[in-house]
Amino acid sequence: MGKSALITGITGQDGSYLTELLLEKGYTVHGLLRRSSSFNTARIDHLYEDPHDEGRSLVLHHADLADGVALVNLLRDLRPDEVYNLGAQSHVRVSFDAPLYTGDVTGMGTMRLLEAIRASGVDTRIYQASSSEMFGSAPPPQNEATGFHPRSPYGCAKVYGYWSTVNYREAYGLFAVNGVLFNHESPRRGETFVTRKITRAVARIRAGLQEHLYLGNIDAVRDWGYAPEYVEAMWRMLQHDTPDDYVVATGVAATVRDFLGEAFSAADLDWTEHVRFDPKYERPSEVDALIGDAGKAESVLGWKPRVQWAELARIMVGADVASLEAELAGATVRVDRR
Ligand code: NDP
Ligand code: GDR
């Protein structure tokens, strides 16, 4: 029998890539789905299996990180070999508008899941999606020994989740690991994170559907990697002999301005003609520079990034251009039929 895993945040960017990876490896994957008034499964629809099919390998369960009892019930019933806690209110700017909600889901949600594992007595390994945002204003390069100085309610909530995970490892001997992942992007990245916001705008400007793109601080420095490679690192952490915490990053720095240049030039456009500043997108306190040192992940887990930010920008522009062209072609077909 293959292994089984429970993924919170299965409908997000990372959840969708991790599901693909685990299904390829023969896992049965259980996903936690939160109730929404509109469909929220677009990123995993291509993996969907009819609930009436016996022996299916992807199963979704309605629950929420805010509902501790639902988590205990799920853990007790499923008894998964591995749990990946990817669910979160993951938007840094939004966390300033919804600080308590972010603390509850992103911080306390982690504790609820850890406690659900303990309370249900399940023998499972757990991966916690920790973040480079925890480093905040600590100067780069950041690694496992760098102290945390978070700069947002989101960062604070992730610090709570990080230490809760370490504490359950130390207190109860749980196989619990933190992956401290730096920014990672893909064509499936949420549309309001800066890279995807840029690459979608490039496609729309190129098609003549939009003229301007409004952004906040374009001098921020980030270390952008490719999401499908990062979910492989998560899996490797849970296969290792001992539980530990790892930074996952490319080690290569770029500003939002650099990313803009690359993305617009991929479509033969000049970003300076289209980008406008809007203070609405600035944060009350900003994280100026995140550049990771993933030496430990490479030496212990054998994990190494391949795609760096410039290639990533081109992959994302290519995908957004192709999907917009398909959408426009579909719209034409629909109009023609009427
Ligand atoms: P996304 O924002 O794409 O996905 C977040 C997921 O969490 C979605 O499935 C969302 O569901 C789910 N979720 C939100 N609220 C709840 C809730 N109350 N209960 C249960 N599930 C909930 O994030 P990513 O895939 O980019 O990131 C995955 C994880 O990794 C997150 O925890 C994020 O904070 C962390 N992280 C991400 C990094 C990155 O660069 N991408 C870097 C470092 C850490 P729905 O689809 O319904 O909204
Ligand atoms: P980040 O990603 O905050 O690093 O968190 P985001 O893409 O939101 O911002 C990156 C940088 O770009 C600047 N910026 C803008 N950001 C957004 N979203 N929209 C804008 O218009 C804009 N203009 C400039 C930001 O100020 C920032 O400096 C992401 C999330 O995935 C977290 O969940 C994760 O933990 C961290 O990455 C690592």
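The values are calculated or read from the model by the stated rules, or taken from the named source; none is laboratory data. Because the structure is a prediction, the values reported are computed rather than measured. FYI the Cβ positions are ideal-geometry reconstructions off the backbone, even for glycines, and counts take in every protein chain you see.
Things to note:
- Qualifying positions in the stretch 256-314 - of a type in the set (A, V, I, L, M), part of a loop (DSSP other than H, G, I, E, B) and within 16 Å of ligand 1 (Cβ to nearest atom): VAL287, LEU290, ILE291, ALA294, VAL307
- Of the residues making up the stretch 151-163, those that are surrounded by fewer than 22 Cβ atoms within 10 Å (Cβ to Cβ) and touching a Gly at 6+ places or on another chain (Cβ under 9 Å) are ARG151, CYS156, VAL159, TYR160.
- Residue in the stretch 2-10 that is over 16 Å from TRP235 (Cβ atoms) and either surrounded by fewer than 17 Cβ atoms within 10 Å (Cβ to Cβ) or without any contact (Cβ under 8 Å) to a residue 24 or more places away in the chain (or both) present: no
- Inside the stretch 180-197, residues that are near ligand 1 (Cβ under 8 Å from one of its atoms) and out of contact with any Gly (no Cβ under 9 Å at 6 or more places or on another chain) make up a count of 2.
- Being of a type in the set (Lys, Arg), within 12 Å of ligand 2 (Cβ to nearest atom) and assigned to a helix (DSSP H, G or I) is true of ARG93.
- GLY208 being more than 15 Å from ligand 1 (Cβ to nearest atom) and surrounded by fewer than 23 Cβ atoms within 10 Å (Cβ to Cβ): yes
- Residues that are under 10 Å from ARG257 (Cα atoms) and either among the hydrophobic types (A, V, I, L, M, F, W, C) or outside any loop (DSSP other than H, G, I, E, B) (or both) within the stretch 207-224 comprise ILE218, ALA220, VAL221, listed in sequence order.
- Residues of the stretch 187-199 that are surrounded by fewer than 24 Cβ atoms within 10 Å (Cβ to Cβ) and either away from ligand 2 (no atom under 11 Å from the Cβ) or among the aliphatic types (A, V, I, L, M) (or both): PRO187, ARG188, VAL194.
- Residue list for the stretch 294-312, restricted to those being touching a Gly at 6+ places or on another chain (Cβ under 9 Å) and crowded, with 19+ Cβ neighbours inside 10 Å: ALA294, ALA297, PRO305, VAL307, TRP309, LEU312
- Looking across GLY261, GLY225, one residue alone is crowded, with 16+ Cβ neighbours inside 10 Å, modelled with pLDDT of 95 or more, under 30 Å from ILE126 (Cβ atoms) and not hydrophobic (A, V, I, L, M, F, W, C). It is GLY225.
- Entry remark, the stretch 284-293: residues being farther than 15 Å from THR255 by Cα and either of a type in the set (S, T, N, Q) or surrounded by 16 or more Cβ atoms within 10 Å (Cβ to Cβ) (or both) number 2 in total.
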